[in-house]
Amino acid sequence: MRQRREELGLSQEDLAARLRISVRAYGNWERGLVKEWTDRKLLALAEALEMSERQCFWLFRVMVDRDPPSTWRAAADNRLPEDPAQRDYLVDYAALMEAVPYPSFLVDHRWDVALTNSAFDRLFQSVRPHPTALPDDNFLRFVLFHPDAAAVLEDHEPAWCVPLMAQFANALEATPEDEGLRSIRQEIARDPFMEAAYRYGVPHWLKTHGSEAAERDGAVRTVRHWDPQAGLVRCRIVAESSRMLDAMGLTRITLVLSAPQGPAAGPARGGSAPHRQGPRLRAVPSMGD
């Protein structure tokens, strides 16, 4: 609750006003000092915290170990399966992911994120709110469009943006009518630098490095550890699935972090990352190439 409130830039006083309760009462809610979590309280909390249906689902699961009422629907698209057996599987899978010390998350073919673990949340804890590109909402949008992405993902443009754009191009070619992918394509087209990188930089990069360089499983990257004393750490990307995840169209991505490579540079934890006006990819060949 506190993390979501802080993501929205709200104080306890703000939330108490939204809920029409006292600040002391809300403080007790946030500390878990509640005699009974009723549907009315949880639904009011989900609305006050501007939660998506997915977030409301996990709020109910964490607080009362059951799904929210079927009559409630948030504005955001539902990413959770309708099949009760698949939902139960995801609940148990969440426990499995939570036992892993490395950042881990589930994504679909649009890079929409269905589930994250605590290590993933810690890795991206300094990322500021964004209307469309939060890392636990759509990972591709985060990498391409969030101004804080480069503060967490080292060698952001060549190591993260370009390979993901190559994967995106393949996904769009396979399902050109997919509205989610088309929306991302339109956003790329609105930025001339990003559009140039997509149309010219990615083909040039694939010609130079080979199509296997765009594969996510096994790729080695570098990230900035959430502990400022750790600094930069090597990160191997492991992509895997299972029969049940395949049936739901989901893939698990785990970022296996290795030993620190040196002291942190740049903003300390809790500090603000430098603002950027928008993506400015340099991975575009000169006109003579």
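Data table
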item	result
Selection within the stretch 1-11 - part of a helix (DSSP H, G or I) and buried (at least 16 other Cβ atoms within 10 Å of the Cβ)	4, 5, 7
Per-region count, the stretch 224-239, residues open to solvent by less than 40 Å² (accessible area, probe 1.4 Å) and closer than 21 Å to residue 251 by Cα	3
Sole residue being modelled with pLDDT under 90 and in contact with a helix residue (DSSP H, G or I) (Cβ under 7 Å, 6 or more places away or on another chain), chosen from 103, 129	129
Output for the stretch 90-131, where each listed residue is in a loop (DSSP other than H, G, I, E, B), free of Cβ contacts under 8 Å to residues at least 24 places away in the same chain and not aliphatic (A, V, I, L, M)	101, 117, 130, 131
Per-region count, the stretch 95-105, residues buried (at least 17 other Cβ atoms within 10 Å of the Cβ) and of a type in the set (A, V, I, L, M)	1
Failed criterion for residue 166 (all others in (1) buried (at least 20 other Cβ atoms within 10 Å of the Cβ); (2) small (Gly, Ala, Ser); (3) within 18 Å of the chain's Cα centre (by Cα); (4) in a helix (DSSP H, G or I) hold)	(3)
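For (1) open to solvent by 40 Å² or more (accessible area, probe 1.4 Å); (2) in contact with an Asp or Glu (Cβ under 6 Å, 6 or more places away or on another chain), each residue gets a yes or a no:
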site: 107; (1), (2): no, no
site: 117; (1), (2): no, yes
site: 122; (1), (2): yes, no
site: 133; (1), (2): no, no
site: 141; (1), (2): no, no
site: 150; (1), (2): yes, no
site: 160; (1), (2): no, no
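The values are calculated or read from the model by the stated rules, or taken from the named source; none is laboratory data. It should be emphasised that the depicted structure is a prediction, and the values quoted were computed from it without experimental measurement. A quick note on method: Cβ atoms are made from the backbone with ideal geometry, for glycine too, and the neighbour counts reach across all protein chains shown. Side chains included, ligands, DNA and RNA excluded: accessible areas come from the protein's heavy atoms. Shrake-Rupley method; radii C 1.70, N 1.55, O 1.52, S 1.80 Å.
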